[in-house]
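> This structure is in structure tokens; I'll ask about it shortly.
The values are calculated or read from the model by the stated rules, or taken from the named source; none is laboratory data. As the structure is a computational prediction, the values presented were derived from the model and not from experiment. Neighbour counts are summed over all protein chains in view; Cβ atoms, including those assigned to glycine, are modelled from backbone coordinates with ideal geometry. Accessible surface is based on the protein model in full, side chains and every heavy atom, while ligands, DNA and RNA are left aside. Shrake-Rupley method; radii C 1.70, N 1.55, O 1.52, S 1.80 Å.
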Amino acid sequence: MSLRAEMLRVGVRALLKRRTAVLDVEGWRSNMQAMERFVPRPPAHAELTEVKAGPLTFHRVTTRASRPERHVLYLHGGAYVSGGPAHYRHFTWRIADATGAIVWTLAYRLAPEHPFPAALDDALAGYAWLAGGMLHTSQLFVIGDSAGGGLTLGLLMKLRDQGRPLPGAAVALSPWTDLALTGQSLASNAAADPILNAKHLPDLAKLYLAGTDPTTPYASPLYGDPTGLPPVLIQVGSDEILRDDAVRMAAKLRQHNPASRLEIWPRMPHAWQLFAPVLPEARRAIAQIGDFIGTVAG
């Protein structure tokens, strides 16, 4: 573990663990909106464009490495209640570079105003729009972090169940796969996790589910059948409260597709890949994502 990673853990813990046990979604959104202007913009070799596709909005990023035939649908995190493409502009160009793809970050609808299955419906529509412009979907990939990682896996299951063409592969970063909240790491890592507050997850799950059974596979893919899904790479930090969401999901995926992989990174915080501007482990993790997609894509 690098010194920068250790310093990051200390810094984010001091900043984020001040939170109270009471979830304040509006305060969370306000803070994220205020921080948006500080998110670094892509470098000169990357082009960021907002694209409207009917009711959908994407942020498309291309770099010199992007191949015109290869695309990534990116589904952002934020516990289904916050976040958006602008918060990822420092990161998605790195994914474009690593994967050699054009990356499309989708602004899907958020709870509680738009509870389940609104986010999944938008992900389906976004995927269908991208797939409609391609000869085949073997060069289309889906990547998501946190809630977006769970949404990625739910999207794969929905596509399969509807008989639609599947992407070539998917990547889930620190995915939230179990909204029933049964993972042991929710308790065992509660003190170690420097970012996520386990006390908030029950309320966040309720806001998204709005009465839906938390074991519904399209909301909690851990309870779904992974038969027939493409290979999936899962990356998770060892100290995350969502570690067991990743470990148990990966075990199910690998039973049906041995090309799926799980990487547990020692002492990395939740979605550490997003700290790529300052964290060497984040840049190495992104390189691993690129290697995985490159192996699958050929």
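> Identify the single condition in (1) open to solvent by less than 30 Å² (accessible area, probe 1.4 Å); (2) assigned to a helix (DSSP H, G or I) that residue 121 does not satisfy, given that it satisfies every other one.
Against the list (1) open to solvent by less than 30 Å² (accessible area, probe 1.4 Å); (2) assigned to a helix (DSSP H, G or I), residue 121 comes up short only on (1).
> Name the pairs: first residue in the range 63-81 and touching a residue at least 60 places away in the same chain (Cβ under 8 Å) and among the hydroxyl-bearing types (Ser, Thr, Tyr), second residue open to solvent by less than 10 Å² (accessible area, probe 1.4 Å) and assigned to a loop (DSSP other than H, G, I, E, B), Cβ to Cβ under 7 Å, at least 6 apart or on different chains?
Every condition considered, the pairs that remain are 80/111.
> Quick one: would you say residue 50 is under 23 Å from residue 297 (Cα atoms), outside any helix (DSSP H, G or I) and either more than 19 Å from the chain's Cα centre (by Cα) or not aromatic (Phe, Trp, Tyr) (or both)?
On the way: under 23 Å from residue 297 (Cα atoms): no; outside any helix (DSSP H, G or I): yes; either more than 19 Å from the chain's Cα centre (by Cα) or not aromatic (Phe, Trp, Tyr) (or both): yes.
In short, no.
> Determine which single condition residue 194 fails, assuming it passes every other condition in (1) touching a helix residue (DSSP H, G or I) at 6+ places or on another chain (Cβ under 9 Å); (2) under 13 Å from residue 245 (Cα atoms).
For residue 194, the failing item is (2).
> Also: Within the set of pairs 6 or more residues apart or between chains, which connect a residue that is part of a helix (DSSP H, G or I) and open to solvent by less than 10 Å² (accessible area, probe 1.4 Å) inside the range 245-273 to a residue that is among the basic types (Lys, Arg) and at pLDDT 95 or above with Cβ atoms less than 8 Å apart?
Here the result reads 250/261, each pair linking the range 245-273 to a residue that is among the basic types (Lys, Arg) and at pLDDT 95 or above.
> Across the range 274-283, what is the total count of residues that are in contact with a Leu (Cβ under 8 Å, 6 or more places away or on another chain) and assigned to a loop (DSSP other than H, G, I, E, B)? Step through it out loud before you land on a result.
To start, the set of residues in the range 274-283 that are in contact with a Leu (Cβ under 8 Å, 6 or more places away or on another chain) comprises 275, 278-279, 282.
Next cut, assigned to a loop (DSSP other than H, G, I, E, B) only: 278-279.
Of the residues in the range 274-283, 2 are in contact with a Leu (Cβ under 8 Å, 6 or more places away or on another chain) and assigned to a loop (DSSP other than H, G, I, E, B).
> Another question, then. Out of the range 174-191, which residues are over 14 Å from residue 154 (Cα atoms) and in contact with a helix residue (DSSP H, G or I) (Cβ under 9 Å, 6 or more places away or on another chain)? Full working, then the answer.
Taking the range 174-191 and keeping what is over 14 Å from residue 154 (Cα atoms), we get 174, 180-191.
Within the range 174-191, 174, 180, 181, 182, 183, 184, 185, 186, 187, 188, 189, 190 qualify.
> Kindly indicate the residue of the range 57-108 that is of a type in the set (D, E, K, R) and under 16 Å from residue 127 (Cα atoms) and also farthest from the chain's Cα centre (by Cα) among those meeting that condition. Even if it seems obvious, please write down each step before you answer.
Applying the first criterion (of a type in the set (D, E, K, R)) to the range 57-108 yields 60, 64, 67, 69-70, 89, 94, 97.
Among the residues that remain, those that are also under 16 Å from residue 127 (Cα atoms) are: 60, 69-70.
Details: 60: 16, 69: 23, 70: 19 Å.
Looking at residues that are of a type in the set (D, E, K, R) and under 16 Å from residue 127 (Cα atoms), I get 69.
> Kindly evaluate residue 205 against the criterion of being under 24 Å from residue 239 (Cα atoms), surrounded by fewer than 18 Cβ atoms within 10 Å (Cβ to Cβ) and among the small types (Gly, Ala, Ser).
Working: under 24 Å from residue 239 (Cα atoms): yes; surrounded by fewer than 18 Cβ atoms within 10 Å (Cβ to Cβ): no; among the small types (Gly, Ala, Ser): yes.
No; evaluated as a whole, the condition is false for this residue.
> For the range 37-50, which residues satisfy the criterion of being of a type in the set (A, V, I, L, M, F, W, C), in contact (Cβ under 8 Å) with a residue 24 or more places away in the chain and within 26 Å of residue 294 (Cα to Cα)? First the steps, then the outcome.
Going residue by residue through the range 37-50, those that are of a type in the set (A, V, I, L, M, F, W, C) are 38-39, 44, 46, 48.
Next, only the ones that are in contact (Cβ under 8 Å) with a residue 24 or more places away in the chain stay: 39, 46, 48.
Within the range 37-50, 46, 48 qualify.
> What number of residues within the range 82-113 are hydrophobic (A, V, I, L, M, F, W, C), open to solvent by less than 10 Å² (accessible area, probe 1.4 Å) and either part of a loop (DSSP other than H, G, I, E, B) or out of contact with any strand residue (DSSP E or B) (no Cβ under 7 Å at 6 or more places or on another chain) (or both)? Full working, then the answer.
Quick first cut of the range 82-113, residues hydrophobic (A, V, I, L, M, F, W, C) only: 86, 91, 93, 95-96, 98, 101-104, 106-107, 110-111.
Checking the rest, the ones that are also open to solvent by less than 10 Å² (accessible area, probe 1.4 Å) come to 91, 95-96, 101, 103, 106, 111.
If we keep only those that are either part of a loop (DSSP other than H, G, I, E, B) or out of contact with any strand residue (DSSP E or B) (no Cβ under 7 Å at 6 or more places or on another chain) (or both) too, we end up with 91, 101, 111.
Selection size over the range 82-113: 3.
So that you can scan it fast, the table gives a plain yes or no per residue for (1) under 17 Å from residue 84 (Cβ atoms); (2) among the aliphatic types (A, V, I, L, M):
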position	(1), (2)
126	yes, no
130	no, yes
133	no, no
136	no, no
144	yes, no
148	yes, no
156	no, yes
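> Moving to a separate point now. Is at least one residue of the range 209-227 part of a helix (DSSP H, G or I), modelled with pLDDT of 95 or more, surrounded by fewer than 23 Cβ atoms within 10 Å (Cβ to Cβ) and over 16 Å from the mean Cα position of the chain (by Cα)?
Quick first cut of the range 209-227, residues part of a helix (DSSP H, G or I) only: 209, 221-223.
Next, from what is left, pick out any that are modelled with pLDDT of 95 or more: 209, 221-223.
From what's left, surrounded by fewer than 23 Cβ atoms within 10 Å (Cβ to Cβ): 209, 223.
Those still in the list that are over 16 Å from the mean Cα position of the chain (by Cα) too: 209, 223.
Scanning the range 209-227, I find at least one residue that is part of a helix (DSSP H, G or I), modelled with pLDDT of 95 or more, surrounded by fewer than 23 Cβ atoms within 10 Å (Cβ to Cβ) and over 16 Å from the mean Cα position of the chain (by Cα), so the answer is yes.
> For the range 65-91, which residues satisfy the criterion of being among the basic types (Lys, Arg) and within 22 Å of residue 296 (Cβ to Cβ)? Walk me through it before giving the result.
Within the range 65-91, the first condition is being among the basic types (Lys, Arg), and the residues that meet it are 67, 70, 89.
Selection gives 67, 70.
> Which one of 184, 235 is surrounded by fewer than 17 Cβ atoms within 10 Å (Cβ to Cβ), touching an Asp or Glu at 6+ places or on another chain (Cβ under 6 Å) and at pLDDT 95 or above?
Numbers: 235 fails: surrounded by fewer than 17 Cβ atoms within 10 Å (Cβ to Cβ).
None of the others qualify; the one that does is 184.
> Only residues that are of a type outside the set (Gly, Ala, Ser) and under 18 Å from residue 103 (Cβ atoms): list them for the range 276-298, please.
Initial filter on the range 276-298 (of a type outside the set (Gly, Ala, Ser)): 277-281, 283-284, 286, 288-289, 291-293, 295-296.
Within the range 276-298, 277, 283, 286, 288, 289, 291, 292, 293, 296 meet the criteria.
> State the number of residues belonging to the range 133-150 that are of a type in the set (A, V, I, L, M) and farther than 23 Å from residue 109 by Cβ.
So the first thing to find is which residues in the range 133-150 are of a type in the set (A, V, I, L, M), and the list is 134-135, 140, 142-143, 147.
Checking which are farther than 23 Å from residue 109 by Cβ leaves us with 134-135.
Matching residues across the range 133-150 total 2.
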